[in-house]
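Here's the structure we're looking at; comments come further down.
The values are calculated or read from the model by the stated rules, or taken from the named source; none is laboratory data. Keep in mind that what you see is a predicted model, and the values were worked out from it rather than measured. Virtual Cβ from ideal backbone geometry, glycine too; neighbours counted across all protein chains shown. These accessible areas exclude ligands, DNA and RNA; they are computed on the full protein's heavy atoms, side chains included. Shrake-Rupley method; radii C 1.70, N 1.55, O 1.52, S 1.80 Å.
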Amino acid sequence: MKLLDKLFMSTSFNDDQMDSLVSDLQILIRQPSISATSEGLEQCAILLANLMKNAGIHSELLYLDAVDQLENVNSHNKIPPIVFGEVKSKINPHSETLLFYNHYDVQPVDPIEKWNEDPFSGKVEGNLIYGRGSADDKGELITRLKAVEFFLKNTGDVPCNIKFLIEGEEEIGSPNLSRYLKKYKHRLNSDLVIWESGYVDKDERAIISLGQKGILNTEITVYGPSRDTHSSLAVAIENPAWKLVNLLSYLYDPVGGKILVDGWYDEVKPLSDKELQLLADEPFNEEAFKKEYGVTNFINNQNAYEIKKALAIEPSCNISGLTSGYTRKGVKTILPSSATAKLDFRLVPNMDPRIQFERLLKYLRTTRCFSENEVSVKYLSGEPAYRTPIDNQYVKLVVDSASKIFNGVVLNLSSAGTGPMYAFKEILNVDSICIGSTTLPNKMHSPNEYTNLDLLHKGTNCFIEIIKNFANITTRNTGQSRYYNL
Ligand SMILES: [Zn+2]
């Protein structure tokens, strides 16, 4: 059989290959790689690079320069390497390039006593495999590696050029990813990024998400007396906790659901008709959502459509922490010396976290007259939002590929969460699409994380499909003759 036909005929991942997927995933799960504490990161990167080599994928560890290491303000530990992988298509050398973005780091295992097994056991029970990282993100990663290995083992080639960027700091907010993208821009050059994860809903439909919100993390501290004082002095000394409560009430109108900072929404663009239609078509299970979070009403009694819209495209202002005074058992009558709030603002495309921070600062200093001496406002971190346009040529390709494997597809404008998608657009000028095999009950970041083997199987088949379709479309784009028809 000719190689072209073989590439075309190779359509499904079989049970033997599934066994090797499980054993390789176990190898990865059994190597702890916790970015919060730096435990086992480089070891995991080396292990992963070797697994990739065994699969026939050229792999190497890439590092930043010593100067970046010195500027690594977020951690005293060494910046972990990225694992870079590449397979060049022999038969289709001028094809465009598909880049898989994943991460090999995991969340800490605490509270350890809540785990039924060793968090790094990789234990298989029926259709489930347990362990930290089994879903987020080692399970997702293995499906992409196995899809590429599938072509290499069956045909000795891949239908299109493929790259991997697997980082070790995703779970701590990817603080060095932009540096890596800039330093290795030419090696990471690609035409489409397949994002590190994606959801499958309870009806086994693939949720294909095209965007991620941005974020601005801030900390506001109000200062009062030079030390915690006797609370009888509350008639004489202003309490910074009251002042903080007052300040917070100026930021957000909980009834109207709007952020009150001047100019906050200036760059927010309305949705196009196509985008509105997509939003309207997206299913949203109101009752299941309410049950999951134990609530009976949505904020401001909004309806399901409004909530669906807010999750995808509305900026938010959230108090994530509020501390002042005595908060332990019993009574302690003090007037605290300071009060602090941590706030995260989710952002939508075109909002720049630094500009939003300057607006917040100006609003508090000028409009609300809080002086520098009494209130400090800190920028902790920020990341812009990005949404891949729905008419990007690869969206249909991914939708069609997933439709063949899953019980349908739901296209989502943007997830409500945040990730470094903007950095890929800004530095590599490439769009991203999120698709994967994770389900909401997989307990990511929680004790007893697991993943479903049948979905990993489907996920692998889905990536096999995506690779073939990508090869086909990009062969057309580069003016080469098509080497197979799907
Ligand atoms: Zn995670």
Per the filter on the stretch 405-449, residues more than 23 Å from residue 307 (Cα to Cα), open to solvent by 10 Å² or more (accessible area, probe 1.4 Å) and among the polar types (S, T, N, Q) are 407, 429, 446, 448
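Can you confirm whether residue 126 is within 16 Å of the ligand (Cβ to nearest atom) and not hydrophobic (A, V, I, L, M, F, W, C)? Write out each step before concluding.
Numbers: within 16 Å of the ligand (Cβ to nearest atom): no; not hydrophobic (A, V, I, L, M, F, W, C): yes.
Considered against the rule, which asks whether it is within 16 Å of the ligand (Cβ to nearest atom) and not hydrophobic (A, V, I, L, M, F, W, C), residue 126 comes out as no.
Filter the stretch 84-136 for residues that are basic (Lys, Arg) and assigned to a loop (DSSP other than H, G, I, E, B); which is farthest from residue 21 (Cα to Cα)? Working first, answer last.
To start, the set of residues in the stretch 84-136 that are basic (Lys, Arg) comprises 88, 90, 114, 123, 132.
Narrowing further to those that are assigned to a loop (DSSP other than H, G, I, E, B): 88, 90, 123, 132.
Values: 88: 22, 90: 25, 123: 14, 132: 17 Å.
Among those that are basic (Lys, Arg) and assigned to a loop (DSSP other than H, G, I, E, B), it is 90.
Before we move on, is residue 222 open to solvent by 80 Å² or more (accessible area, probe 1.4 Å) and among the β-branched types (Val, Ile, Thr)? Walk me through it before giving the result.
Details: open to solvent by 80 Å² or more (accessible area, probe 1.4 Å): no; among the β-branched types (Val, Ile, Thr): yes.
Against the criterion (open to solvent by 80 Å² or more (accessible area, probe 1.4 Å) and among the β-branched types (Val, Ile, Thr)), residue 222 does not qualify.
Quick check: anything in the stretch 59-69 within 16 Å of the ligand (Cβ to nearest atom), in a loop (DSSP other than H, G, I, E, B) and modelled with pLDDT of 95 or more?
The answer is no, given that none of the residues of the stretch 59-69 is within 16 Å of the ligand (Cβ to nearest atom), in a loop (DSSP other than H, G, I, E, B) and modelled with pLDDT of 95 or more.
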Quiz item: Looking at this structure, is residue 191 closer than 25 Å to residue 406 by Cα and modelled with pLDDT under 95?
Solution: no
Reported set for the stretch 174-200 where residues are open to solvent by 10 Å² or more (accessible area, probe 1.4 Å) and within 16 Å of the ligand (Cβ to nearest atom) is 174, 175, 196, 197, 199
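Kindly indicate which of 402, 385 is in contact with a strand residue (DSSP E or B) (Cβ under 6 Å, 6 or more places away or on another chain) and farther than 25 Å from residue 173 by Cα.
402
Which residue, of 282, 238, 267, is charged (D, E, K, R), more than 30 Å from residue 342 (Cα to Cα) and in contact (Cβ under 8 Å) with a residue 12 or more places away in the chain?
Details: 238 fails: more than 30 Å from residue 342 (Cα to Cα); 267 fails: more than 30 Å from residue 342 (Cα to Cα).
Only one candidate passes the filter, namely 282.
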Of (1) over 15 Å from residue 416 (Cβ atoms); (2) open to solvent by 30 Å² or more (accessible area, probe 1.4 Å); (3) touching a residue at least 60 places away in the same chain (Cβ under 8 Å), residue 276 fails just (3)
Checked 409, 377, 430 against criteria (modelled with pLDDT of 95 or more, away from the ligand (no atom under 16 Å from the Cβ), in contact with a helix residue (DSSP H, G or I) (Cβ under 6 Å, 6 or more places away or on another chain) and closer than 13 Å to residue 210 by Cβ); the one match is 409
In the set 182, 123, the lone residue that is free of Cβ contacts under 8 Å to residues at least 12 places away in the same chain, in the same structural domain as residue 95 (by TED's automatic domain parsing) and of a type in the set (Lys, Arg) is 123
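Hey, among 314, 292, which residue is touching a strand residue (DSSP E or B) at 6+ places or on another chain (Cβ under 9 Å) and open to solvent by 40 Å² or more (accessible area, probe 1.4 Å)?
Numbers: 292 fails: touching a strand residue (DSSP E or B) at 6+ places or on another chain (Cβ under 9 Å).
Step by step, each of 314, 292 is checked, and only 314 is touching a strand residue (DSSP E or B) at 6+ places or on another chain (Cβ under 9 Å) and open to solvent by 40 Å² or more (accessible area, probe 1.4 Å).
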Residue set 78, 53; condition assigned by TED's automatic domain parsing to the domain that holds residue 431, at pLDDT 90 or above and open to solvent by 10 Å² or more (accessible area, probe 1.4 Å); output residue 53
Looking at this structure, is residue 171 closer than 25 Å to residue 455 by Cβ, open to solvent by less than 10 Å² (accessible area, probe 1.4 Å), within 16 Å of the ligand (Cβ to nearest atom) and touching a strand residue (DSSP E or B) at 6+ places or on another chain (Cβ under 7 Å)? no
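Can you find, within the stretch 98-110, the residue that is nearest to the ligand (Cβ to nearest atom) among those that are in contact (Cβ under 8 Å) with a residue 60 or more places away in the chain, open to solvent by 10 Å² or more (accessible area, probe 1.4 Å) and out of contact with any Lys or Arg (no Cβ under 6 Å at 6 or more places or on another chain)? Walk me through how you get there before you give the answer.
Here is the first cut: in the stretch 98-110, the ones in contact (Cβ under 8 Å) with a residue 60 or more places away in the chain are 98-109.
Then keep just the ones that are open to solvent by 10 Å² or more (accessible area, probe 1.4 Å); that gives 107-109.
Restricting the remaining residues to those that are out of contact with any Lys or Arg (no Cβ under 6 Å at 6 or more places or on another chain) gives 107-108.
Values: 107: 6, 108: 11 Å.
Ranking the qualifying residues of the stretch 98-110, first place goes to 107.
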Filtering the stretch 132-144 down to residues that are over 14 Å from residue 44 (Cβ atoms) and aliphatic (A, V, I, L, M) yields 135
By residue number, the members of the stretch 14-33 that are open to solvent by 10 Å² or more (accessible area, probe 1.4 Å) and either within 24 Å of the chain's Cα centre (by Cα) or touching a residue at least 24 places away in the same chain (Cβ under 8 Å) (or both) are 17, 18, 20, 22, 24, 26, 27, 30, 31, 32
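So for the stretch 392-404 (the condition being over 16 Å from residue 192 (Cβ atoms) and surrounded by fewer than 20 Cβ atoms within 10 Å (Cβ to Cβ)), does at least one residue qualify? Lay out the reasoning, then the answer.
Narrowing the stretch 392-404 to residues over 16 Å from residue 192 (Cβ atoms): 403-404.
Those still in the list that are surrounded by fewer than 20 Cβ atoms within 10 Å (Cβ to Cβ) too: 403-404.
Checking the stretch 392-404: at least one residue is over 16 Å from residue 192 (Cβ atoms) and surrounded by fewer than 20 Cβ atoms within 10 Å (Cβ to Cβ).
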